[in-house]
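As structure tokens, the structure follows; a few thoughts come after it.
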Amino acid sequence: MRRAVRGYLDHLTVERGLAANTLASYRRDLDRYLGSLAAAGVTDLSAVSAEEIERHLARLRASADGHPPLAVSSAARAASAVRGLHRFALREGDAAGDTAPLALRDRALLEFLYGTGARISEAVGAAVDDVDLDDGVTVLRGKGGRTRLVPIGGYALRALGAYLVRARPGLAAAGRGTPAIFLNARGGPLTRQDAWGILRRAAQRAGLTVDGPRAVSPHTLRHSYATHLLDGGADVRVVQELLGHASVTTTQVYTLVTVERLREVYATAHPRALH
């Protein structure tokens, strides 16, 4: 439930642009709500009943749990925070498995980023017509107006197919029509900030670092894509084309990682490495 709250607050920050003071109030409201659920022995948002929510809101309007009664406006805000959390958790799949529309979108986006090595701007700028699921390729529009044709990995193809068939039509119905592949809950195209928030929430759920110099970022997936290709024996010139680098010098940064990997393997496996 704590992860769901963190994800919801990230959503409010990135996709809704709520002010810092409002976010701080929502955080306090939701911390109190989770405390109320914990006291009742509830550990899963999907197990929360309407009656439990009503009891919590009623306690806010009365003097209980060591807190004075909330003002009418504060109680209304707390109720809005609780309702918003449950709606978000349902859409994201926290309480409805991994087949909710936004959960399918998020998986498709993350698989697409890693499976093609796309920059985040290229992913959110991609149109439905840019993807050919039959041939397993996509057009990516990079810096300086340059375009390239990139193969899509098998996992990404399956995730994209599931999203395009089972989730995107419903999301698109809420908007005014856009060719973008990846849509937000209102049917509009995802922004770079939206996509970064999706990655951040996924990293938090996986227990990865999301703050500081070693934090997971959208470039982490692109970097991993290039490194894994080179580790697998791909030619650096081919990787240059796939990444859309104008110069091979830029691509060669990734070879430093693979050289370190080779040294590690040599040091641990070669019989004369220690002599």
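Readers should treat all values here as calculations from the given coordinates under stated rules, not as data from a laboratory. Bear in mind the structure is a predicted one, so any value in this text is a computation, not a measurement. We place every Cβ from the backbone using ideal geometry, glycine too, and count neighbours over all the protein chains shown.
A few points about this structure:
- For segment 15-47, backbone nitrogen atoms closer than 14 Å to the point 7 Å from ALA174 Cα along Cα-to-C-beta are found at 15-16.
- Sequence-separation-based contact order of segment 148-245, relative, with Cα cut under 8 Å and 6+ spacing, percent: 19 percent
- A Förster radius of 22 Å combined with the Cβ-Cβ distance from SER224 to ARG166 puts the calculated FRET efficiency at roughly 0.20.
- Listed peptides 177-186, 193-202, 37-46 appear in the order 193-202, 177-186, 37-46 once ranked by packing, highest mean of other Cβ atoms within 10 Å at the front.
- Additional length obtainable on full extension of the chain from ARG146 to GLU264, 0.36 nm per residue less Cα span: 38.8 nm
- Cα point-scatterer Debye curve for segment 77-214, base-10 log of I(q)/I(0) at q = 0.11 Å⁻¹: -0.42
- Dividing the radius of gyration of the alpha carbons in the chain by their Kirkwood radius gives 1.07 for Rg/Rh.
- Given R0 = 41 Å, the distance between the Cβ atoms of SER247 and ASP135 translates into a calculated FRET efficiency of 0.90.
- Assuming charge only on the beta carbon of Lys and Arg (+1) and of Asp and Glu (-1), the dipole of the chain about its Cα centre is about 640 debye to the nearest 20.
- With Cα atoms, 0 to 90° folded angle of helix 72-92 axis to the chain main axis: 40 degrees
- Whole-number percent relative contact order across segment 67-188, with pairs defined as alpha carbons under 8 Å at least 6 apart: 23 percent
- Axis angle, to the nearest 10 degrees, between helix 255-269 and the longest C-alpha principal axis of the chain: 80 degrees.
- Where the Cα pairs of segment 98-141 fall when distances are cut into 10 Å bins, in %: 27, 56, 18
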